[in-house]
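See below for the structure under consideration.
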Amino acid sequence: MKKPLAIAGAILLAVLAIPLLDPLTRARVFTGVFLGGGLALTLLVAGILVALIGFFAGKRRLAGLGILAAVIAVPLALAASWNANVHLRDTVAVVAAEDELLPETGLRAPYLVAERQASSNSSGTVGDITGTTYLAGKNVYSTLVERRGWLGPGYETMIVQELALTGQATGERCDFAAHANKRMNGYFGNSLTRAIARIDTGLIAKDVDTWGYCDNGIPKIVVPVTKLENWLAPRDVPAGIVIYDGSTGELEHRPEVASGELPGPAVSISQSRRINASLATLNGGWWSTHILKSTGITDEPKDEDDTNLGSHSNFSLNHGDTKFGFFSPFTSRASSRTIDHVAVLDSSQVTAGTSASAKLYALRSPRQSNAATADKIKADYSSLSDWATGMAVMEIVPGGEGVWHASIGQKQNVNYRVQLNADGSSCLLTATGNKLRCSTDAEASPGDLPEGELGSGIVDPSGLTNDQLKALHEAIVKELHERLTEQ
């Protein structure tokens, strides 16, 4: 009787193990469960199994041992999670304001404008637009377009936008070959994630980290990957990048990338987000961080009308000839909304097994929240006629120590830029950088007034577009109607 049961058990185990022949399934089981769960999950699963066996076999000691192992797994899991956060926090070098200044950054067009203009530059494609990425190394935005069809048949094209600081973008298409049929969220043979798992089961690849660029007419997909280390308290570290050639369909794993080799991030944005989240434990313990919430910093916006709400951190900006990184403004986790820190993660280079290089800069001149800053910009430059046509503050990004750059305009176009200074003053610039006036000026001189302005806040209709004139007319009619109904 025992022999047939043993055979049946062996057959059952073999059937259950068949899915492990698939590299992606194997990666998810070992990386997501055994390695990802660490010792805590192993103890929990083993404890439950031993407890069940002991219960059905009538062996109380064995069942008790299993229950004990499962109970021990709970605090062990909490300790492992805390350890992983502390490890990430400790990879960030905290720079005092008097020691080093926040590096000066290059200007870029707002991310949300590029994202909205991507659809305008996708004429001739029948696919679905997916993620847009700013490539700081080339000062362009790249948008991937997925093919339509069953099982996710790859990417159709890539739209590379040279987005000026004002006006519409010029888009260049970079088409994928028909046989290059893999993409991150594809199924079976169309799965780029599965193809990466074939290279190394331990590689962790995520759709959100994927971006593309056009290499002399050849589309290339770049996937920054990570690997887990430390089974007792699992944490992931960079493992290089995987490049998918959209012309040949071949994959290449590069464990190391030097600055200047790629136009976009070699470190995953997921890694940057995890580091940012771990900074909630800065200068505090478990009690002050999670219960009192009086220590630590966060990159999350605290105002519903935050002008950076759609893209509030991890700004990809260049800060040198070949270096660029993710810039994340931080504020206290307490009630304060003042931005007093900026974290910079160098994403231009990566070495497998080495934690990404990140610095947390304490600003010498903290500034008001984005919502308060946007209100001040509107107050300082209230005479601009474009406010009546729906113009708004679109994005506020760091420009260096004591300097921030704000873009203001409509949804798909930047009208003006504002340079915010450490002393609270600001200067209104054309989108191309020509100074119009500053908030400290008593009154704008006639020669410096932007198009559409006459003086004393009077609007010149001849300087407005048809859409702006229509919107202004509607605003005037609405205001007149409200005033008449109040009388």
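Laboratory data are not the source of any read-out in this text; all were calculated from the coordinates shown. What you see is a predicted model; the values in this text were computed from it and never measured. As a convention, Cβ positions derive from the backbone with ideal geometry for all residues, glycine included, and neighbour counts pool all protein chains shown.
Below are the figures for this structure:
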read-out: Cα-derived Rg over Rh, computed across region 93-366 with Rh taken as Kirkwood radius; value: 0.98
read-out: Net charge of neighbours whose Cβ lies under 15 Å from the Cβ of ASP207, counting Lys and Arg as +1 and Asp and Glu as -1; value: +3
read-out: Rounded FRET efficiency, nearest 0.05, which uses the C-beta distance separating ARG254 from ASP321 and R0 of 30 Å; value: 0.90
read-out: Gain in span if fully extended, SER288 to SER336, counting 0.36 nm per residue against the direct Cα distance; value: 15.7 nm
read-out: Förster radius 51 Å - calculated FRET efficiency between PHE55 and GLN368, Cβ distance, rounded to 0.05; value: 0.25
read-out: In region 10-119, trypsin sites (Lys or Arg not before Pro) in a DSSP loop with at most 15 other beta-carbon atoms within 10 Å; value: LYS59
read-out: Furthest towards positive pole of dipole, GLY131, LEU88, LEU101, structure part region 81-143, Cβ charges; value: GLY131
read-out: Relative contact order %, region 37-90, counting alpha carbon pairs below 8 Å whose residues are six or more apart; value: 39 percent
read-out: Pairs beyond 19 Å (Cα-Cα), from LYS378/LYS411; LYS220/LYS323; LYS138/LYS227; LYS323/LYS435; LYS182/LYS206; value: LYS220/LYS323; LYS138/LYS227; LYS323/LYS435
read-out: Computed over region 64-146: relative contact order in percent, which uses C-alpha pairs under 8 Å that are six or more apart; value: 18 percent
read-out: Label-point separation, ILE11 to ASP423 (7 Å along Cα→Cβ), nm; value: 8.7 nm
read-out: Length released on extending from GLU100 to LYS302, taking residue separation times 0.36 nm less the Cα-Cα span; value: 69.9 nm
read-out: Neighbour-count ranking [beta-carbon atoms within 10 angstrom, fewest first] of LEU282, LEU151, LEU192; value: LEU151, LEU282, LEU192
read-out: Total charge dipole magnitude, region 101-247, about the Cα centre, Cβ charges on Lys, Arg, Asp, Glu only, Debye to nearest 20; value: 260 debye
read-out: Gain in span if fully extended, LEU232 to ASP90, counting 0.36 nm per residue against the direct Cα distance; value: 49.3 nm
read-out: Separation between Cα centres of region 284-298 and region 208-260, rounded to whole Å; value: 35 Å
read-out: Distance (nanometres) between label positions extended 7 Å along Cα→Cβ at ARG198 and THR354; value: 3.1 nm
